[in-house]
1. For residues that are assigned to a helix (DSSP H, G or I) and either among the hydroxyl-bearing types (Ser, Thr, Tyr) or at positive phi (or both), tally how many sit in the stretch 82-102.
2. Scan the stretch 67-81 residue by residue and report those that are surrounded by fewer than 22 Cβ atoms within 10 Å (Cβ to Cβ) and at negative phi.
3. Take the residues in the stretch 109-128 that are of a type in the set (A, V, I, L, M, F, W, C) and surrounded by fewer than 19 Cβ atoms within 10 Å (Cβ to Cβ); name whichever of them is nearest to VAL142 (Cα to Cα).
4. I'd like to know if the stretch 46-56 contains one or more residues that are surrounded by fewer than 20 Cβ atoms within 10 Å (Cβ to Cβ) and under 14 Å from the mean Cα position of the chain (by Cα).
5. What's the number of the only condition in (1) within 21 Å of ASP82 (Cβ to Cβ); (2) modelled with pLDDT of 95 or more that PHE146 fails to meet?
6. Answer yes or no as to whether ALA21 is among the aliphatic types (A, V, I, L, M), crowded, with 20+ Cβ neighbours inside 10 Å and more than 22 Å from VAL112 (Cα to Cα).
7. Of everything in the stretch 94-105, what is of a type in the set (Val, Ile, Thr) and either touching a residue at least 60 places away in the same chain (Cβ under 8 Å) or surrounded by 23 or more Cβ atoms within 10 Å (Cβ to Cβ) (or both)? Give them in sequence order.
Amino acid sequence: MFEDVKEAWSKITTPKGIAKAAIIGAAYAMLTIFFAPISYGPVQVRVSEALTLLPWLWVEAIPGLFIGCVIANFAGGFGIIDVVFGSLATLVAAMLTRKMPSKITAAIPPVVVNAVIVGAYLSFLTDFSWQAAMLYVGAGEVVACFCLGVPFLMLLEKKFPRK
């Protein structure tokens, strides 16, 4: 386990790794804000969540997604609860995605983690029940991760094979 952390840290802290993380973070924030009408709230399809599969290919995507989510959630209107818990959900999902054995299974952590965590606090912030909020967030994540993210990951993997 510690070897994995050491290897990941050595990739993330290089100039190339920092640049890759920054580009991914900027892309996440930009896509979320650009598609703002469908990116925020209990009923959402956050198109940028397709990028949450990138840790399966690149460990550098993990900090990039976290920072991108922090920036995007500041623009979302749900306040510090969304910034903190939504961003932590993305961080946890990204770390779990990195450990998945296949492209298809890589889409599972963002769906489950966001449905549970984001759905839970959005039910607190809105008038949706926790079951409805989790269901809606989870459904949006399925669209973003399985319908957009998996095909995107397949295209990227042809150019950048997983090592």
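The values are calculated or read from the model by the stated rules, or taken from the named source; none is laboratory data. On a predicted model such as this, the values are computed, not experimentally measured, just so you know. Cβ placement follows ideal geometry from the backbone for every residue including glycine, while neighbour counts extend to all protein chains displayed.
1. 3
2. ILE67, VAL70, ILE71, PHE74, ALA75, GLY76, PHE78, ILE80, ILE81
3. VAL112
4. Yes - at least one qualifying residue is present in the stretch 46-56.
5. Unmet for PHE146, out of (1) within 21 Å of ASP82 (Cβ to Cβ); (2) modelled with pLDDT of 95 or more: (1).
6. yes
7. Matches in the stretch 94-105: THR97 only.
Table: residues versus (1) of a type in the set (Ser, Thr, Tyr); (2) within 13 Å of the chain's Cα centre (by Cα).
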| residue | (1), (2) |
| --- | --- |
| VAL116 | no, no |
| LEU122 | no, no |
| SER129 | yes, no |
| ALA133 | no, no |
| TYR136 | yes, no |
| GLY140 | no, yes |
| PHE152 | no, no |
